[in-house]
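I have placed the structure first, in the form of structure tokens, so that the comments after it can refer back to it.
Read-outs: derived from the displayed coordinates by stated rules, not from any lab. What you see is a predicted model, and the numbers here were worked out from it, not measured in a lab. Ideal geometry is used to build each Cβ from the backbone, glycine not excepted, and the neighbour counts take in all protein chains shown.
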Amino acid sequence: MSKNNKKISENVTINEKVVIARRSYFSIQHIQSAAYFARLSAKIEESDRPGDANNFDRLLADHKACVIATIFASVSFLEANINELFSDSLDFQNGVVKELNDSIKNEWQMFGS
């Protein structure tokens with residue numbers, strides 16, 4: 001070592017935590033399902049030739065099933081979207097909900113636990 005170099009000996013402890021998280025949002029699949037079943041309903045409505053009575057009954061049952069599936073998938077989308085908002089708000093409190101007052105955040109945490 002030269003005169004200008006000094007040996008420094010210290011114990012340094014670095015504590016770091018790395019978190020990798022992935023969240024799937026089911027609301028996306030629900031709204032895609034609603035759109036799919038709505039398109040199927042429209043195709044059934046546009047069909048000109050129901051044919052005989054048996055075919056008409058089958059088309060009517062298929063149409064009702066698609067309309068009901070559209071409604072259920074739409075409701076599921078809304079519920080999942082609200083649940084995702086709650087989850088994101090609890091996990092990322094410095095995000096868009098940081099402006100909420102503490103009493104609302106505390107109430108949300110009660111639902112999340």
Quiz item: Which of the following residues is closer than 26 Å to S24 by Cα and in a helix (DSSP H, G or I): S41, S74?
Solution: S74
Quiz item: Identify, please: which residue in segment 17-35 is over 13 Å from the mean Cα position of the chain (by Cα) and not in a loop (DSSP other than H, G, I, E, B) and is, among those, surrounded by the fewest Cβ atoms within 10 Å (Cβ to Cβ)?
Solution: A35
